[in-house]
Amino acid sequence: MPKIKGLLISMLLVAGILAGCNETPAENKGSASEGVTASAVNEDATKWPRTFKDALGKEIVIEKKPEKIASLWYFYPEILVALGEPPAASTEKEYLSSLSYLHGKLNSAEDLGEKVSPNIEKILSVEPDYILATEHHEKMYDSLEKVAPVITLKSKDIYDNWQYGLRTVAEIIGKEDEAEKVIDKMMKEITTGREALKSIQGESVALILSWDGKTFNVLGEGNPVYTLAFDKEKGLGLTPDDFKGTTNKFTSFEGISTIQADHIFLIGDITIKEQLMNDLKQSNVWNNLNAVKKGNVYLMDSSAITGGPLAIEYALQNIINALRKL
């Protein structure tokens with residue numbers, strides 16, 4: 001009997017030790033989890049406050065991460081969405097929501113009306129932390145400042161360089177790392193696309209913009225889509241059409257006959273309006289174009305021309321998918 005009692009006591013002691021061992025990792029796990037959370041909070045806290053100098057030379061102290069941004073120009077929502085931070089309010093909401101990469105992304109955003117004359121009362125009702133404006137809002141600065149701090153960026157600087165726009169807005173909202181990830185991904189896609197399209201080197205390409213099927217513009221240097229298509233380092237390195245003319249806008253439809261490109265990308269609202277496209281296809285001038293005869297006309301809607309990172313990605317995929325099939 002004593003032997004049995006001794007055996008039972010030993011078993012109980014072992015069980016107690018094992019139970020204690022099992023509890024220890026759970027306690028450690030909880031401590032580790034709390035440590036990670038605290039670390040993340042501390043890391044985020046180190047970002048704020050920060051001082052941002054805008055295009056007007058104003059130094060704006062951003063005390064904490066902005067939660068509600070009011071966007072007054074069309075490229076801001078695209079950049080904010082690319083960074084995972086849709087605006088609380090935006091001008092041109094209806095138009096922007098029609099762009100392929102913004103479908104459903106601005107549903108919760110308040111519509112602020114026209115980009116050149118946003119509705120002050122609606123901005124006030126949103127109670128934004130900050131307002132993102134451009135030089136086009138200069139006459140409204142005093143009124144806007146009464147609502148929230150205004151950060152002004154030059155529209156041309158952002159339109160000309162999507163990477164600059166992305167990085168600058170990221171600096172305002174503390175998403176620099178995310179901006180670099182977007183840029184790195186895009187540049188890798190551009191490099192891959194450049195390699196994939198080497199097979200058509202020498203074949204010329206024209207980028208033509210039309211909203212109504214009557215007025216046509218050949219996109220030239222300084223346009224983001226042009227840079228994407230033709231720049232040897234920042235873009236796909238394609239060969240631009242040797243366009244002959246003093247302007248990129250044709251004063252009459254017949255002027256389009258001077259385009260001899262092997263490939264044409266037709267961009268704008270015309271591409272989603274069936275009647276306009278049908279009218280164009282009835283034109284002898286259009287049908288006699290080199291690219292039309294070869295069946296090398298590709299359509300892109302206005303999602304391609306906002307100049308932001310998502311527009312560039314949209315245009316990139318369209319160009320690669322169209323030309324890689326050849």
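Yes or no, residue by residue, for (1) surrounded by fewer than 19 Cβ atoms within 10 Å (Cβ to Cβ); (2) of a type in the set (A, V, I, L, M, F, W, C); (3) free of Cβ contacts under 8 Å to residues at least 24 places away in the same chain:
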position	(1), (2), (3)
Pro149	yes, no, no
Asp157	yes, no, no
Tyr164	yes, no, yes
Thr168	no, no, yes
Glu171	yes, no, no
Glu178	yes, no, no
Lys181	yes, no, yes
Cβ-Cβ under 6 Å pairs, at least 6 apart or on other chains, segment 275-304 side touching a residue at least 40 places away in the same chain (Cβ under 8 Å), far side open to solvent by 80 Å² or more (accessible area, probe 1.4 Å): Asp301/Ile272
When you check Thr152 against the structure, is it under 21 Å from Glu63 (Cβ atoms) and among the polar types (S, T, N, Q), yes or no? yes
Criterion (among the small types (Gly, Ala, Ser) and at positive phi) met by exactly one of Gly174, Gly165: Gly174
Residues Ala179, Ala261, Ala229, Ala206: which one is at pLDDT 95 or above and in contact with a Ser or Thr (Cβ under 6 Å, 6 or more places away or on another chain)? Ala261
Would you be able to say whether some residue in segment 158-165 is among the aromatic types (Phe, Trp, Tyr) and either in contact with a His (Cβ under 6 Å, 6 or more places away or on another chain) or under 17 Å from Ile60 (Cβ atoms) (or both)? no
Take the residues in segment 184-207 that are aliphatic (A, V, I, L, M), open to solvent by less than 10 Å² (accessible area, probe 1.4 Å) and within 22 Å of the chain's Cα centre (by Cα); name whichever of them is nearest to Gln275 (Cα to Cα). Leu207
Please go through segment 104-125 and give me each residue that is surrounded by fewer than 20 Cβ atoms within 10 Å (Cβ to Cβ) and in a helix (DSSP H, G or I), ordered by number. Ile120, Glu121, Lys122, Leu124, Ser125
Quick check on my filter: what residues within segment 183-224 are assigned to a loop (DSSP other than H, G, I, E, B) and without any contact (Cβ under 8 Å) to a residue 12 or more places away in the chain? Glu221
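The values are calculated or read from the model by the stated rules, or taken from the named source; none is laboratory data. Owing to the predicted nature of the structure, the values given are computational and were not obtained by experimental measurement. All Cβ positions, even for glycine, are placed from backbone atoms using ideal geometry, and neighbour counts span all protein chains on display. These accessible areas exclude ligands, DNA and RNA; they are computed on the full protein's heavy atoms, side chains included. Shrake-Rupley method; radii C 1.70, N 1.55, O 1.52, S 1.80 Å.
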